[in-house]
Amino acid sequence: MATTPYNPAEIEVRVQQRWEAGKAFEVNEDPGREKFYCLSMLPYPSGALHMGHVRNYTIGDVISRYHRMRGKNVLQPMGWDAFGLPAENAAIKNRTAPARWTYANIEHMRGQLKRLGFAYDWTREFATCSPDYYRWEQLMFTRLMKKGLAYRKDAEVNWDPVDQTVLANEQVVDGRGWRSGAVVQRKKITQWFLKITDYAEELLRGLDELDGWPDAVKTMQRNWIGRSEGCEFEMKVCDADGVADPRDLGVRVFTTRPDTSFGMTYAVLAPEHELVAQITSEAEREAVEAFVAQVAQASEEDRLSEEGGLEKRGVFTGAYLYNPFTEKPVPLYLADYVLMGYGTGAIMAVPGQDQRDWDFARAYGLPIVRTVQPPEGWEGEAYVEDGPAINSDWLNGLEVTEAKEAATAWLEQQGIGERKVNYRLRDWGVSRQRYWGCPIPVIHCDTCGVVPERKENLPIELPKDVTFDRPGNPLDRHPSWRDVPCPSCGKPAKRETDTMDTFVDSSWYF
Ligand code: ANZ
Ligand code: ZN
């Protein structure tokens, strides 16, 4: 039997030409046929395909071809997730425009995808860096803004004090700026956020309706959203004898364990808490300021690490909070393990039932009072499981669930607290202080404030005449792009120079 050797260079080229000539994979609407849409995550035009691309796009292609063979009208498009930092880095290195680098890569990678023979409808190809695409993203942004779902607040960035510029995490190498070598600082600037936390509950409920997803993935999503039921209540600032501060200051704490309140032996503010300066006593001020400065230098990773990346984990403020349950004062500390971005940025600490509090109490010589009875023979440290309440006056004997309910009801009755649901999920910071991204279509006017661009002026295109000979965002120093009339009053105003995170581009192309 004669065998024909398989010669891809000859056979595949011939077949692919036939597909192209016959528009084999172009699709038009056809109400008479069942539809099938197959979209694989679009590639980033890095320069060349890698084996991960081949694997991934082969899977989508097999599914598409299967459904096409079953007679369905199959749409399998392809495009490019094309904004992002590597284009800017290449621009700096090769002295070429980010757009040129990006489109040259797309050209090359498109050729590779075609040679692999994937059944794409190439007439529908698009790139997220093209104004035809990002005009819609800008329109969505202005609409989110009008609904209060895109808003501004201060957030930390990596700041290079020598280059005077914001750095992406990738540009910080061993705590130093990749170009200047200077020690990177944390700095607060005003940035744009999308209010995804408004949808936390909806996202959580949506997970229950997801069929065919692995439980591990759903659990990961649930933990990411991190729904947490507890209560928030206020404690008055006082002195060591429990005498209320004459300024009538109060601190709100969030706890999931109000049942353990009788075991609160100290309380903690996040070092960034707004009350720190006011409540700190003169005797402790120097130590407190040194601690706050030290924490400001540390990364979140260091702060949350078990060992504590810092020399010192906390400091006494000289102030006390009045525990309404025991009617006694507890010392108020600052500690790195309490984060400003969660709950109220302040906690009641219960070493008997919380391991982090236990470790801290041990290190700082603070008292430990158990308020849940551990099982007999218990030799561990903090006891976090269920059991009857002890050392808790009128809560004694109640199981955790009942005791929580009773303590919460009491706080509500007293008018000092209420039930509260918190989420780990944060609002999404979408501002990037970079050129190669979708411009945020907003104008800053001295008279009108922050104004969304008018629909008829969209898209706000990136200027092409920019240089990367200096560090930082070229949009900030472009001579004319920034200066525009205010869409509302017409007076001279300035464009926003932040662009959007590339994950915004890839959040809606489906
Ligand atoms: C007292 C207490 C006693 C707590 C106890 C726990 C156990 P989740 O489940 O993640 O919501 N907490 C609150 N705000 C915090 C912040 N900004 N930074 C660090 N820790 C914070 O955890 C809620 C618990 O984490 C809260 O309940 C509080 O400690 C702490 F036996 O209050 B708990
Ligand atoms: Zn104006």
Can you flag which of 147/188; 236/420; 35/195; 147/455; 147/420; 188/491 are past 23 Å Cα-Cα?
-> 147/188; 35/195; 147/420; 188/491
Between residue 114 and residue 183, what length comes free when the chain is fully extended (0.36 nm per residue of separation minus the Cα-Cα distance, one decimal in nm)?
-> 20.2 nm
Base-10 log of normalised Debye intensity for the stretch 1-44 (one unit scatterer per alpha-carbon) at q = 0.17, 0.33 Å⁻¹ | -0.80, -1.07
Can you pull the semi-axes for the stretch 148-209, root of five times each eigenvalue of the Cα gyration tensor, sorted largest first, whole Å?
-> 34, 15, 7
Least to most buried among 489, 238, 448, by other C-beta atoms within 10 Å and fewest first, runs 489, 448, 238
By Cβ neighbour count within 10 Å, fewest first, 358, 178 rank 178, 358
Please report the orientation-averaged projected area of the chain, defined via the convex hull of its C-alpha atoms, in nm².
-> 35.9 nm²
Placing +1 at every Lys and Arg Cβ and -1 at every Asp and Glu Cβ, with all other atoms neutral, what dipole size does the chain have around its Cα centre, in debye to the nearest 20?
-> 2820 debye
Expressed in nm to one decimal, what extension gain is obtained for the pair residue 368 and residue 96 from 0.36 nm per residue of sequence separation less their Cα-Cα distance?
-> 91.6 nm
Rg (Å, one decimal) plus Dmax (Å, integer) for the alpha carbons of the stretch 366-450?
-> 24.4, 70
Could you point to the residue in 86, 102, 39 farthest towards the positive end of the stretch 18-147's charge dipole, with +1 and -1 charges on the Cβ of Lys/Arg and Asp/Glu respectively?
-> 39
Simple label model, 7 Å out from Cα along Cβ direction - residue 381 to residue 72, nm | 5.4 nm
Could you give P(r) for the stretch 317-367, binned at 10 Å from zero, as whole percent values over all Cα-Cα pairs?
-> 22, 57, 21
Along principal axes, largest first, the alpha-carbon spread of the stretch 118-173 in whole Å comes out as 49, 35, 17
Amide H neighbours of residue 249 under 5 Å, at least 5 residues apart or on other chains, H built in the peptide plane: list them.
-> 237
222 nm [θ] for the chain, helices only, -39500 (n - 2.57) per DSSP H run of 4+, per residue, to 500?
-> -9000 deg cm²/dmol
Note the full-extension length gain between residue 169 and residue 446 as 0.36 nm times their separation in residues minus their Cα-Cα distance, in nm to one decimal.
-> 96.5 nm
Which FRET efficiency value, to the nearest 0.05, do you get for residue 456 and residue 290 by plugging their Cβ-Cβ distance into 1/(1 + (r/R0)^6) with R0 = 51 Å?
-> 0.40
How big is the stretch 1-112 by the Kirkwood estimate over distinct Cα pairs, in Å?
-> 16.8 Å
Just the projected area, averaged over all directions, of the convex hull on the alpha carbon atoms of the stretch 36-164: how many nm²?
-> 11.5 nm²
A correct fewest-to-most ranking of 257, 205 by other Cβ atoms within 10 Å would be 205, 257
Please work out the C-alpha center-to-center distance from the stretch 32-66 to the stretch 445-505 and express it in whole Å.
-> 35 Å
Given the stretch 178-281, what whole percent of its Cα pairs are spread farther than 18 Å?
-> 71 percent
Expressed in nanometres to one decimal, the distance between label points 7 Å along Cα→Cβ at residue 413 and residue 223 is 3.9 nm
Looking only at aspartates and glutamates whose Cα falls under 12 Å of residue 494's and that sit 8 or more positions away or on another chain, we get 446, 453, 476, 483
Check residue 387: other-chain or 5+ apart residues with amide H under 5 Å from its amide H, H built from backbone geometry?
-> 400
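Every number in this text was worked out from the coordinates using simple rules, so none of it is lab data. Please read all numbers here as calculations on a predicted model, not as lab measurements. Cβ coordinates were reconstructed from backbone atoms using ideal geometry, including for glycine residues, and neighbour counts include every protein chain displayed.
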